[in-house]
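Dropping a structure here in C-alpha cells format, bear with me for questions.
Where a number appears in this text, it was derived from the coordinates with a stated rule and is not lab data. This is a predicted model, so every value here is computed, not measured. Here the Cβ positions follow ideal geometry from the backbone for every residue, glycine too, while neighbour counts run over all protein chains shown.
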2 protein chains.
Amino acid sequence: MSNSPNEIDNLEHLFSRLPGLGPRSARRIVLHLLKKKDTLMPSLASSLTVAMKSIVSCSLCGNIDIINPCSICTDIKRDNKVICVVEGVTDLWALQKVSSFRGLFHVLGGVLSALDGIGPADLRIEPLIRRINDNKISEIIIALPVTVDGQTTAHYLKEEISKLNIAVTQLSHGVPVGGELDYLDDGTISAAINSRRAF
Amino acid sequence: MSNSPNEIDNLEHLFSRLPGLGPRSARRIVLHLLKKKDTLMPSLASSLTVAMKSIVSCSLCGNIDIINPCSICTDIKRDNKVICVVEGVTDLWALQKVSSFRGLFHVLGGVLSALDGIGPADLRIEPLIRRINDNKISEIIIALPVTVDGQTTAHYLKEEISKLNIAVTQLSHGVPVGGELDYLDDGTISAAINSRRAF
C-alpha cells in the first residue's frame, strides 16, 4: 500500500473496517469514488455529515430516527399497551413494513450469547422492565430470531416478564409462506407439526 | 424502506451504488456506521472530504496522487526512457510494489471492448503517442491483462507504436511462481510451452 498516497490509504483503511468489506473491496470502492469525485463522492461525504448530526437513538424504544422519542413512540394512533421486543433496528423496520402490527417496539440491541460474552446487563432489558412497569403494558410480543441465542434470550425474557403478571406471546414458528416442505430443515418441520392448528 | 428516516435512506442509496454493494449490504454498513457515530463515522466523513480535495489525477501518466505531475513522473531516479503501459491505477501500484521496474508508467484507463463499446478514443492512447514523440522514449512495456480484451488492446497498441520505430515488449506469460501444473488452465500451459527457454 506504500505506493498510493496517504489520503487514499486512510480512506481504504476506514472502508475496510465496515462490515462485509476487506482491504481489496475497500480499495475497489475508493478507486470508484475517486473516479466519481465530482458526483458520488461529495454526496456521500455530505450525507454522512448530515446523518451524523441528525440521527438520534430513541430513548424509549431504541429505534433510530431524527426525533427523540421516535415517530413510532409518539404516534398516538398506535396501541401503546402492546410492546413487540426485537433484536435490532432492522427487525423493527421489517415488522413495521408489514403493518399488521400497530403497537410499540422495544429494541434489545442484541441477544444473550455465552460465546460472545453478552449477558443480560449488556442488553436493554432493564429499560424494558421499567417501560412495562411505568406504562400499564398488557402484552409483550417476543419477536427474536429463531436461533439458539435468540430463543435463549426469549426464554430469559419470558421468565423476567412473567413475574410482572403480563401476557407474553411470541411469533409462531412454522412453514414460511411460499415454502416447500422438501426444502425445509428438520427443525422448522417439527416446529410446524408441533404447533399445528385446526383447519 | 419508508419506515426508516430519509437521512438513512439517502445514505443507504449512496452506499448501494458503490461496487460490490447491494441494498442489504449498504443497509448493514449504514447501521454499523450509526452504531459508531462518534468514532468511525466522523473519520470516514472527514477522510472523504480530505481525499476529495487533495487527490488529483496525474496529467502525464494518469496515476492518482496529491501532486500533479505525480511522484513517479517527477522522480529523477527513475528511467524516463521506458514506459510501462497498464490498464488501471491498481495495476500500476501492483508493479510499483515489486520495484523490479524503475521506469515510468502510463495508465490507459481501460481496455478495448467491443461488448462494452470502448474504442481507442475512449482510452488514453493519444496522450501515450504524444508522450512517446515528445520524450525520446526507447521502450514501451505492455502490461495489460491476459484476457481477450486485454490482448486485443495490446495488439492494437503494438501496431500503433511500431510505426514510431520504438521497441515494444510485453510481460512474459507462463506458469505463475508457486503454481502447480495440475491446477493450471490449458491456455497458461500452452503459453508456457510456446515461450519455453533454455535451462
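For region A:64-170, calculate the relative contact order in percent as a whole number, restricting contacts to Cα pairs under 8 Å that are 6 or more residues apart.
With pairs under 8 Å counted, the relative contact order is 27 percent.
Hey, another quick one. Going toward the positive end of the dipole of the protein assembly as shown, with +1 on Lys and Arg Cβ and -1 on Asp and Glu Cβ, which of A:Ile137, A:Val168, B:Ala198 do you reach last?
So the residue furthest toward the plus end is A:Ile137.
Mind checking the mean number of beta-carbon atoms from other chains within 10 Å of the Cβ atoms in A:184-192?
So the per-residue partner count for this stretch is 0.
Please compute, for the alpha-carbon atoms of the protein assembly as shown, the extent along each of the three principal axes and give them in descending order in Å.
92, 48, 38
Using only helices, what value at 222 nm comes out for the protein assembly as shown when you add -39,500 (n - 2.57) per DSSP H run of length 4 or more and divide by the total residues, to the nearest 500 deg cm²/dmol? Write down the numbers at each step before the final one.
Numbers: 14 runs with 166 residues, N = 398.
Using -39500 (n - 2.57) per qualifying helix, the result is -13000 deg cm²/dmol.
Using Cα-Cα distances under 8 Å and only pairs 6 or more residues apart, what relative contact order does chain A have, in percent?
Dividing the mean separation by the residue count of chain A yields 13 percent.
At a Förster radius of 51 Å, what calculated FRET efficiency corresponds to the Cβ-Cβ distance of A:Thr152 and B:Asp116, to the nearest 0.05?
Once the sixth-power term is evaluated, E becomes 0.45.
For peptide A:95-104, what's the mean number of Cβ atoms from other chains within 10 Å of each residue's Cβ?
1
Between region A:138-199 and region B:148-199, how far is it from one alpha carbon centroid to the other, in angstrom?
So the separation of the two Cα centres works out to 61 Å.
To the nearest 20 debye, what is the magnitude of the charge dipole of chain B about its Cα centre, counting +1 on the Cβ of each Lys and Arg and -1 on the Cβ of each Asp and Glu?
620 debye
When Cβ neighbours within 10 Å are restricted to other protein chains, what is their mean count per residue of peptide B:151-164?
The mean count of partner-chain Cβ atoms within 10 Å per residue comes to 0.
Show me the ranking of peptides B:165-171, A:44-50, B:53-59 by mean Cβ neighbours inside 10 Å, starting with the highest. Could the numbers behind the result be given before it?
Working: B:165-171: 13.3, A:44-50: 19.1, B:53-59: 16.0.
The most tightly packed comes first, giving A:44-50, B:53-59, B:165-171.
Mind jotting down the three principal axis lengths of region A:64-170 based on Cα atoms? Whole angstrom, largest first.
Computed over the Cα atoms, the extents are 40, 29, 24 Å.
For the modelled label position 7 Å from the Cα of B:Asp38 along Cα-to-Cβ, which residues of region A:1-38 have backbone nitrogen atoms closer than 15 Å?
none
Any idea what diffusion coefficient region B:6-54 gets from Stokes-Einstein, in µm²/s, Kirkwood Rh on alpha carbon pairs, 37 °C, 0.692 mPa s?
Values: Rh = 11.3 Å.
The Stokes-Einstein estimate is 290 µm²/s.
Right, another one. If you find the alpha carbon centre of region A:26-48 and of region B:1-68, how far apart are they in angstrom?
Cα centroid to Cα centroid, the span is 6 Å.
Continuing with the same structure: In region B:147-190, which residues have a backbone nitrogen under 16 Å from the label point lying 7 Å from A:Arg24's Cα in the Cα-to-Cβ direction?
Counting only backbone N, you get no residues.
Output the antiparallel fraction of DSSP beta bridges having both residues in region B:74-170, as a percent to the nearest 5.
Close to 5 percent.
Run through the DSSP bridge list for the protein assembly as shown and note the antiparallel percent, rounded to the nearest 5. Each step should come with its number before you reach the end.
Numbers: 6 of 32 bridges.
Once the DSSP bridges in the protein assembly as shown are tallied, antiparallel ones form about 20 percent.
Moving on to the next point. With all distinct Cα pairs included, what does the Kirkwood hydrodynamic radius of chain B come out to in Å, to one decimal, could you say?
20.2 Å
Here is a follow-up. For region A:6-54, build the charge dipole from Cβ charges (+1 Lys, Arg; -1 Asp, Glu) around the Cα centre, then report which of A:Ser25, A:Pro42, A:His13 sits farthest towards its positive end.
Checking the options against the dipole of region A:6-54, the answer is A:Ser25.
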